[in-house]
Every structure is written in structure tokens, then in C-alpha cells.
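Laboratory data are not the source of any read-out in this text; all were calculated from the coordinates shown. This one's a predicted model, so the numbers in the text were calculated from it and none came from an experiment. Cβ placement follows ideal geometry from the backbone for every residue including glycine, while neighbour counts extend to all protein chains displayed.
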């Protein structure tokens with residue numbers, strides 16, 4: 001679990017500190033990596049079911065690639081600041097990037113928050 005959370009944080013940090021964090025439209029960003037370049041972006045898979053899977057997909061003007069990074073108020077996190085929710089246009093404000101760790105799985109997904 002800690003590894004996946006660290007991976008997620010590293011992904012976000014990489015995007016913020018490099019060209020891999022490109023503003024698409026006001027308030028939305030495309031997340032890419034230096035490793036895969038500008039041709040692949042973090043995308044929410046529209047599978048017609050739960051729509052919780054994410055992957056690196058070919059870049060396009062898709063709402064699943066339009067990510068929004070929102071600060072979480074300290075009042076929600078017990079007075080501790082510095083937390084952010086990562087959502088996208090396709091999933092809406094009620095689904096955030098998350099790490100599953102139920103003892104069997106530990107993977108990234110988008111899930112209801």
C-alpha cells in the first residue's frame with residue numbers, strides 16, 4: 001500500500017515539477033510522464049461499468065484526461081493542510097484518484113469519494 005501511495009505521489013510530483021503537467025483548459029490539466037512523453041496521458045477508462053480504471057492512453061481531447069487538482073480544506077483533514085483531491089471532468093467531482101489496498105489488491109483507480 002505504501003508503495004502505491006508513494007508511486008501516486010511521485011507521479012503527481014513529477015507532473016508538477018516538469019512539463020508533464022500541462023494546462024488544457026482553465027482549471028484542468030493533462031498528466032503525462034517524461035518516460036512515455038507527450039503522446040500518452042493519464043486517462044480514466046470509460047468501460048461502461050464502474051468507470052474506475054485508469055491507464056496511460058493516447059493523448060486526445062477526452063474528458064477522462066482533463067484532471068482537476070483541488071486542495072482539501074484543513075477542516076476536513078483534522079487541521080492538517082497540504083492534501084489534494086485529484087478528479088477529472090469525466091468522473092466528476094464525486095470520484096477521486098485513489099489507491100486500493102484491501103490486503104489482496106493494491107492498485108490505482110478512480111473511485112467515489
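Descriptive notes on the structure:
- Per residue, the convex hull around the alpha carbon atoms of region 48-87 comes to 106 Å³.
- Computed from label points 7 Å out along Cα-Cβ, the spacing between residue 58 and residue 36 is 1.4 nm.
- Each peptide in 96-109, 28-41 gets a packing score, the mean of other Cβ atoms within 10 Å over its residues, and the list from highest to lowest is 28-41, 96-109.
- Computed label-point distance, nm, for sites residue 93 and residue 24 using a 7 Å Cα→Cβ extension: 1.9 nm
- The slack between residue 85 and residue 101, meaning 0.36 nm per residue of separation minus the straight C-alpha distance, is 4.0 nm.
- Legend: calculated FRET efficiency, residue 46 to residue 77, from the Cβ-Cβ distance at R0 = 25 Å, rounded to 0.05, equals 0.20.
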